[in-house]
Amino acid sequence: MVTKQGEVLYQEPEGILFQGYLQKQGAINKAFKTRYFRLVERPCQVWYYKNKSSRKPRGGILLCNDNVEITTSAPCLIHVKTDTRIYTLQAKTEAETMEWTKHMGGYDILMYI
């Protein structure tokens, strides 16, 4: 669920499509931190958690919005552009990067640069 301000509200995920660790760059502190990500079918978004055993997410990225763009760049970076922010994620390998973008591409929003 998304508020009028574009904030993603937590809903218990349904149908985990893909999951694993990625690095996420902070919005204010630009350092990368390791987070556990779950790409879920309902609502179509990526939730990120402090670690795999965390029950409550630290945040989420809504993917089923017409204005979302996903691009990749070296080294192993994934950029998710929404109406309110550009999220920068980093996988450990190019293969992981391609796996994440392939799964996120199920929403027909994948673009490569």
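The values are calculated or read from the model by the stated rules, or taken from the named source; none is laboratory data. Quick caveat: nothing in here was measured; it's all calculated off a predicted structure. Keep in mind that these areas ignore ligands, DNA and RNA; they rest on the heavy atoms of the full protein, side chains included. Shrake-Rupley method; radii C 1.70, N 1.55, O 1.52, S 1.80 Å.
Listed values, structure above:
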quantity: Per-residue ³J(HN,Hα) for segment 38-51, Karplus 6.51 cos²θ - 1.76 cosθ + 1.60, θ = phi - 60°, Hz, x for Gly and Pro; calculated: 10, 8, 10, 6, 10, x, 5, 7, 10, 9, 10, 10, 4, 7
quantity: Solvent exposure, largest accessible area first (probe 1.4 Å, DNA, RNA and ligands not counted), of PHE32, PHE18, PHE37; calculated: PHE32, PHE18, PHE37
quantity: Gained length - CYS64 relative to ASN51, 0.36 nm times residue gap less alpha-carbon distance; calculated: 2.2 nm
quantity: Taking segment 38-96 and dividing mean pair separation by its residue count, relative contact order in percent (alpha carbons under 8 Å, at least six apart); calculated: 20 percent
